[in-house]
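A.B. asks: Submitted below is the structure of interest, expressed as structure tokens.
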Amino acid sequence: MVAILRALSRVLLKLEIKGVERVPLSGPVLLIGNHVNFVDAVLAYTVPRRYIKAMTAIEIYQQVFFNFLAWSVDAIPVERGTPDLSAIRACVEALQAGLALYIAPEGTRSGHGRLQKGHAGVTLVLLHAGTHIPIYPVAHMGLEHFWLNVKRLRRTPVRVVVGEPFFLSPPRGRVRRAEREQITAEMMGQIAALLPPENRREYADEVGKTPRYLRPAPDRME
């Protein structure tokens, strides 16, 4: 099914992909990206060069065609708008099993390509899975024009950028809610840094700042 989705994306999109070679071909990896529409969810499976686990809204499993797609890629169902502990547990188990996991912290599609507020569930996953797991920010640009171009029978130019990896460096002891929110904001800032300024919204101030709870990969340290 991934091969079919990859072929369809090449038909519908003019893809420019940068930085995907950064993602290792083995070992636990977390990729986090912005969520514009269903297409970036498809690209989450087709752009990386390895098997990916990802999340999907539980109602997708209740729709005939999309149910088949979600089942075929073994997507993790999540109940949006609630702290879905079963989904968080499934994500943690995927990382502990050495898989690559993709999460869109916004949870809900924006439609317009501008960042929305990220949810702290992604931070909970990392806190339970381990701080040794590399995190790769992913930016999707151009997908906000997808539906208009489909109506006009045109391919949509889309740019996908995978950024430099970083690691979680949480405070010692119990990580409180405010700290989880700050960690999430800093991770969203890593995505924002890959997007055009007009698409960063409330995370524009995170771009260029030194994160308090994130650390760069060793080969990026001076």
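A.B. asks: Show the residues, 5+ positions off or on another chain, whose built amide H is closer than 5 Å to the amide H of Lys53.
C.D. replies: The answer is Ala100, Leu101, Tyr102.
A.B. asks: I'd like the orientation of helix 2-12 relative to the chain: the angle between its Cα long axis and the longest Cα principal axis, in ° from 0 to 90, rounded to 10.
C.D. replies: Orientation of helix 2-12: about 60 degrees from the principal axis.
A.B. asks: To the nearest 500 deg cm²/dmol, what mean residue ellipticity at 222 nm is calculated for the chain from DSSP H runs of n ≥ 4 alone, each contributing -39,500 (n - 2.57), summed and divided by the residues?
C.D. replies: Details: 7 runs with 72 residues, N = 222.
Helix contribution divided over all residues of the chain: -9500 deg cm²/dmol.
A.B. asks: Counting only residues 5 or more places away or on other chains, whose amide H sits under 5 Å from the amide H of Leu13 once H atoms are built in the peptide plane?
C.D. replies: Amide H neighbours of Leu13: Thr156.
A.B. asks: Describe numerically, in nm with one decimal, the distance between label points set 7 Å from Cα along Cα→Cβ at Asp74 and at Val207.
C.D. replies: 3.7
A.B. asks: Considering the options Leu115, Leu15, Val125, tell which one lies farthest towards the positive end of the dipole of the chain, charges being +1 on Lys and Arg and -1 on Asp and Glu at the Cβ, about the Cα centre.
C.D. replies: Leu15
A.B. asks: Please list, in order along the stretch 198-214, the HN-Hα scalar couplings obtained from phi with the Karplus expression 6.51 cos²θ - 1.76 cosθ + 1.60 (θ = phi - 60°), rounded to whole Hz, x for Gly and Pro.
C.D. replies: Each residue of the stretch 198-214 in turn: 5, 9, 7, 6, 5, 9, 4, 6, 7, 6, x, 7, 7, x, 7, 10, 10 Hz.
A.B. asks: Now for a separate question. Counting only DSSP beta bridges with both residues in the stretch 16-220, what percent are antiparallel, rounded to the nearest 5?
C.D. replies: That works out to approximately 30 percent antiparallel.
A.B. asks: Taking amide hydrogens as modeled 1.01 Å from N in the peptide plane, which residues meet the under 5 Å criterion relative to Gly19, leaving out close sequence neighbours?
C.D. replies: Val162
A.B. asks: Of Pro24, Pro77, Pro171, which has the largest mean-square fluctuation in a 10 Å C-alpha GNM of the chain?
C.D. replies: The residue that fluctuates most here is Pro171.
A.B. asks: Right, next: Loop-only chymotrypsin sites (Phe, Trp or Tyr not before Pro) in the stretch 4-52, please: DSSP not H, G, I, E or B, and at most 12 other Cβ atoms within 10 Å.
C.D. replies: Tyr51
A.B. asks: I'd like the Karplus ³J(HN,Hα) series for the stretch 137-147: coefficients 6.51, -1.76, 1.60, θ = phi - 60°, whole numbers in Hz, and an x wherever there's a Gly or Pro.
C.D. replies: x, 10, 10, 10, 10, x, 5, 5, 9, 4, 5
A.B. asks: Additional query: Each label point is 7 Å from the Cα along the Cα-to-Cβ direction; what then is the distance between the points at Lys14 and Thr131, in nm?
C.D. replies: According to this spin-label approximation, the distance is 4.6 nm.
A.B. asks: Read phi for every residue in the stretch 183-188 and hand back ³J(HN,Hα) as whole Hz from Karplus 6.51 cos²θ - 1.76 cosθ + 1.60, θ = phi - 60°, with x for Gly and Pro.
C.D. replies: 4, 4, 4, 5, 5, 4
A.B. asks: So, in nm, how far is label Ala217 from label Glu164 when the simple model puts each one 7 Å beyond its Cα toward the Cβ?
C.D. replies: Between Ala217 and Glu164, the label points sit 1.0 nm apart.
A.B. asks: For the chain, set up a GNM with springs between Cα atoms under 10 Å and report which of Pro157, Pro134, Pro165 has the largest fluctuation.
C.D. replies: Residue with maximal mean-square fluctuation among Pro157, Pro134, Pro165: Pro157.
A.B. asks: Compare Leu31, Leu85, Leu168 in a GNM of the chain, Cα atoms joined below 10 Å, and give the one with the largest fluctuation.
C.D. replies: The residue with the greatest mean-square fluctuation here is Leu85.
Rule-based calculations on the coordinates, nothing more; no lab input. None of these values were measured; they are calculated from a predicted model. Positions of Cβ are generated from backbone atoms using ideal geometry, with glycine treated the same way; all protein chains shown enter the neighbour counts.
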